[in-house]
Amino acid sequence: MSKRKSIQLLESLLNQSRKDKLMYLNAADRQDLPAFKRFFNQQALYRNSMFYDFSNLLSENGIEVEDVILKRPDIRQLMMTKPGRDKKNSFAECLRQDLDFKTTLEVLIKEDANEKNAIIYRKHLAKIKASIEENNLYSIEVSSKAYSSSGLL
């Protein structure tokens with residue numbers, strides 16, 4: 001793989017981690033249960049750490065991070081938080097994003113031969129895999145509670 005392709009994947013992951021951090025923070029704001037709120041806030045911190053690492057890797061390659069970051073913020077993303085609590089399953093929404101992130105990261109791991117970078121990628125892949133597992137469990141729990149409270153059982 002060319003260095004150019006690795007940089008493109010890093011740029012994609014940089015923007016995705018920034019977007020996902022906002023998504024997790026917004027999901028935390030919509031939660032009533034402390035355990036769920038804590039999970040979403042922790043995931044937002046992980047995405048912030050990923051953003052920082054990806055921006056450092058791009059800087060090491062001579063790429064100005066400011067040029068990579070999406071210039072216009074997505075107003076819909078920023079305005080997602082509402083005063084009331086949303087009834088939708090935030091875990092399922094975050095799970096979909098994490099699966100996309102994992103796929104892109106796995107492609108980068110296969111293609112970037114730099115061992116120093118591979119250590120960083122594997123660390124973040126482990127966090128994403130753990131997040132996917134937890135998101136899936138919480139999603140099932142939330143869905144089953146919604147199903148049982150709907151009186152369909």
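If I stretch the segment between residue 141 and residue 42 completely, what's the gain in nm (0.36 nm per residue apart, minus their alpha carbon distance), one decimal? Don't skip to the end; give the middle numbers.
Working: separation 99, 0.36 × 99 = 35.64 nm, distance 1.90 nm.
Fully extending the segment from residue 141 to residue 42 adds 33.7 nm.
Considering only Cα-Cα distances, which of the following residue pairs are longer than 28 Å: 19/123; 37/116; 3/123? Could you put the intermediate results ahead of the total?
Numbers: 19/123 20 Å; 37/116 34 Å; 3/123 21 Å.
37/116, as the Cα separations exceed 28 Å there.
Once each part is reduced to its C-alpha centroid, what is the distance from the stretch 94-111 to the stretch 40-61 in angstrom?
14 Å
With a point put 7 Å past each Cα toward its Cβ, work out how far residue 118 is from residue 66 in nm, to one decimal.
3.6 nm
Taken together, the values in this text are just the output of simple stated rules run on the coordinates, not laboratory data. In this text, all values refer to a predicted model and were calculated from it rather than measured experimentally. Please note: Cβ atoms are built from the backbone with ideal geometry, for glycine as well, and neighbour counts cover all protein chains shown.
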